[in-house]
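S.K.: Next up is a structure, given as structure tokens.
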Amino acid sequence: MADTRNADLTFGATDYLVYMAAVNTEAPTSDFADPVTPWMNLGWVTTEGGLFKIEEDVKDVDAAGSLEPIRTLMTKSTKSLQVTFLEGLNPLVRSLYDNVPVTSLKPDTASGVAAYAFPDKPSDLRYAFIFDTMDGEKRMRFYMPNGKVTERGDEQPQTADVMPVQLTFKFYKGAANAPAVKRFIDYGDVDVSSFFPSGS
């Protein structure tokens, strides 16, 4: 078997960008074009970038006459992504953390102050998201047509550092049963043809 190891296939992210738009907004037509209106950037994130998770629940079916399960059923597969944002006053980030429409963050024209109540019952606010990361010419993108924030980190304004805003996003199928998550990969100038036998 051929040795296909290639250090150029390692990936060390040099930037991490997050965009949001109305739920079920289509992905940009050019796979790695910078998203334009209606997509909006959520600002700077920490150097840790994003933590993508796939969690799967399975159930074993036991039966008399067998010491091992006779079948395993997959009962759930959820996809989530956690990001810590640095712009604690970014209206998009703030609206996601406080679970209010972004219009709530618009300042009053006379006072310059935005004031709003936290919802007593959590709102089911859904958006489309794009998560871009790059390493030189190599790029990866997640596109999620239907996501929402399901977990929020503690809020701690402090004097030693900026106030981080940690959000965990969960993703669901989009319109017309579109996949919850779609990944795009641009290998840059790395030749990966040896991984795909001719005819495949």
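S.K.: Can you work out D for the stretch 1-42 in µm² s⁻¹ from Stokes-Einstein, where Rh is the Kirkwood radius over C-alpha pairs, the temperature is 10 °C and the viscosity is 1.306 mPa s? Intermediate values should be presented prior to the final figure.
M.R.: Numbers: Rh = 13.4 Å.
Calculated translational D: 119 µm²/s.
S.K.: Another one. Top mean-square fluctuation among Gly147, Gly88, Gly188, Gaussian network model of the chain, C-alpha springs under 10 Å?
M.R.: Answer for the Gaussian network model of the chain: Gly188.
S.K.: Please report, largest first and rounded to whole Å, the three semi-axes of the ellipsoid equivalent to the stretch 46-92, where each semi-axis is the square root of five times an eigenvalue of the C-alpha gyration tensor. Show your work: numbers first, answer last.
M.R.: On the way: eigenvalues 366, 19, 6 Å².
After diagonalising the Cα gyration tensor, the semi-axes are 43, 10, 5 Å.
S.K.: Most fluctuating residue of Asp124, Asp62, Asp98 in a GNM of the chain with Cα springs under 10 Å: which is it?
M.R.: Comparing Asp124, Asp62, Asp98 in a Gaussian network model of the chain, the most mobile one is Asp62.
S.K.: Which trypsin sites (Lys or Arg not before Pro) in the stretch 124-173 pass both tests, a DSSP loop state and at most 10 other beta-carbon atoms within 10 Å? Walk me through the numbers before you get to the answer.
M.R.: On the way: sites: Arg126, Lys138, Arg139, Arg141, Lys148, Arg152, Lys170, Lys173; in loops: Arg126, Lys173.
Here no trypsin sites (Lys or Arg not before Pro) fit, given the DSSP loop and packing criteria.
S.K.: Separation between the Arg183 and Val102 pseudo-spin-labels, each 7 Å from Cα along Cα→Cβ, expressed in nm?
M.R.: Between Arg183 and Val102, the simple spin-label model gives 2.8 nm.
S.K.: Find, to one decimal place in angstroms, the Kirkwood hydrodynamic radius of the stretch 14-111, where the mean of 1/r is taken over every pair of different Cα atoms and then inverted. Before the final figure, lay out the partial values.
M.R.: Working: mean 1/r = 0.0572 Å⁻¹.
After inverting the mean inverse Cα-Cα distance, the result is 17.5 Å.
S.K.: Still on this structure, I have one more. On average over all directions, what projected area in square nanometres does the stretch 99-200 have, based on the convex hull of its Cα atoms? Working shown, then result.
M.R.: Numbers: hull surface 49.2 nm².
The directionally averaged projection comes out at 12.3 nm².
S.K.: Determine ³J(HN,Hα), in whole Hz, for all residues of the stretch 79-90 in sequence, where each value follows from phi through the Karplus function 6.51 cos²θ - 1.76 cosθ + 1.60 and θ = phi - 60°; x replaces Gly and Pro.
M.R.: Per-residue couplings from phi come out as 10, 9, 8, 10, 9, 10, 8, 9, 8, x, 10, 5 Hz.
S.K.: Using Cα positions and a limit of under 22 Å, work out the lysines in reach of Lys79, with same-chain residues fewer than 8 apart set aside.
M.R.: Counting by Cα, and skipping residues close in sequence, Lys79 has these lysines nearby: Lys53, Lys59, Lys148, Lys170, Lys173, Lys182.
S.K.: Over the alpha carbons of the stretch 50-158, what is the largest minus smallest coordinate on each principal axis, giving the biggest first in Å?
M.R.: 77, 45, 30
S.K.: With a point put 7 Å past each Cα toward its Cβ, work out how far Glu155 is from Ser193 in nm, to one decimal.
M.R.: Label-label distance for Glu155 and Ser193, simple model: 5.5 nm.
S.K.: Next question, about the same structure. Quick one: net charge around Arg71, please, counting Lys, Arg +1 and Asp, Glu -1 for every other residue with C-beta under 12 Å from its C-beta. All intermediate terms of the calculation are to be shown ahead of the outcome.
M.R.: Values: positive: Lys59; negative: Asp60, Asp62, Glu68.
Surrounding charge for Arg71 is -2.
S.K.: For the chain, what is the calculated [θ] at 222 nm in deg cm²/dmol (nearest 500), taking -39500 (n - 2.57) for each run of four or more DSSP H residues and dividing by its residue count? Walk me through the intermediate numbers first.
M.R.: Details: 1 runs with 8 residues, N = 200.
My calculation for the chain gives -1000 deg cm²/dmol from helical runs alone.
S.K.: What is the magnitude of the charge dipole of the stretch 37-166 about its Cα centre, with +1 placed on the Cβ of each Lys and Arg, -1 on the Cβ of each Asp and Glu, and no other charges, expressed in debye to the nearest 20? Show your work: numbers first, answer last.
M.R.: Details: 14 positive and 19 negative charges, 97 e Å.
My answer is approximately 460 debye.
S.K.: Identify which of Tyr116, Tyr97, Tyr187 has the largest mean-square fluctuation in a Gaussian network model of the chain, with springs joining Cα atoms closer than 10 Å.
M.R.: Its mean-square fluctuation being the largest, the pick is Tyr116.
S.K.: What three numbers, in Å, describe the spread of the alpha carbons of the chain along their principal axes, ordered from the longest?
M.R.: Largest to smallest, the principal-axis extents are 70, 54, 41 Å.
Each reported figure results from applying straightforward, stated rules to the coordinates on display, with no laboratory input. Source: prediction; values computed, not measured. Positions of Cβ are generated from backbone atoms using ideal geometry, with glycine treated the same way; all protein chains shown enter the neighbour counts.
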